[in-house]
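The values are calculated or read from the model by the stated rules, or taken from the named source; none is laboratory data. Note that this is a predicted model, so its numbers are computed, not measured. Positions of Cβ are backbone-derived with ideal geometry, glycine not excepted, and every protein chain shown enters the neighbour counts. With ligands, DNA and RNA removed, areas are computed over all heavy atoms of the protein, side chains included. Shrake-Rupley method; radii C 1.70, N 1.55, O 1.52, S 1.80 Å.
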Amino acid sequence: MDLQDRLPAAFVRALLVCLALLFSGCLAALPDNDDLPVEKACLISAGQAVPITVEVARTPAERSRGLMDRERLAPNAGMLFVYNNQRRADHGFWMYRTLIPLDIAYLDRDGTIGAIRPMVPCPSDQGRDCPTYEAGVPFYRALEMNLGYFKSQGIGVGDRLSLNASDCR
């Protein structure tokens, strides 16, 4: 005798509807970072100003989701992670469920780059098996761009991110 023979059909249907609603509610709890604010910004070095576009992740949920499950990132686009309080030098990022190889620049309060680290996707389906890319410097913001972007643009430690697009004249 199977479950359907022991339970009334209306109860089984109601149970399935409740499970479907519960599952869809779990999916809705994940932030959809496609709705993040997008800002024009500028990477500034001694010899140039490079215009970029950044999605800005300010809340813990937005920062936690980051660029997970994205298959591509536009060439001059990135994600800026903003913190209200300074993060310690041993704080870092990981690449769990992130499909795009990235560079991450750790920035001080004024937007000056203190460190840049390359990060590769983690193939594990368990976050605990993914490496953490520690900043090595205290930071307030972190900027993720496609792997090799900073080097290809001549941007390095000591250069600066400005959220004032007019700095990119």
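Before moving on, here are some points about what is shown:
- Some residue of the stretch 144-155 being over 16 Å from Val50 (Cβ atoms) and in contact with a Phe, Trp or Tyr (Cβ under 8 Å, 6 or more places away or on another chain): no
- Of the strands (runs of 3 or more DSSP E) lying entirely inside the stretch 54-169, the ones with 2 or more residues being over 14 Å from Cys42 (Cβ atoms) and open to solvent by 60 Å² or more (accessible area, probe 1.4 Å) are found at 77-87, 113-119, 132-134.
- Selected residue (criterion: modelled with the lowest pLDDT) from residues of the stretch 24-50 that are closer than 21 Å to Ala165 by Cα and part of a loop (DSSP other than H, G, I, E, B): Gly47
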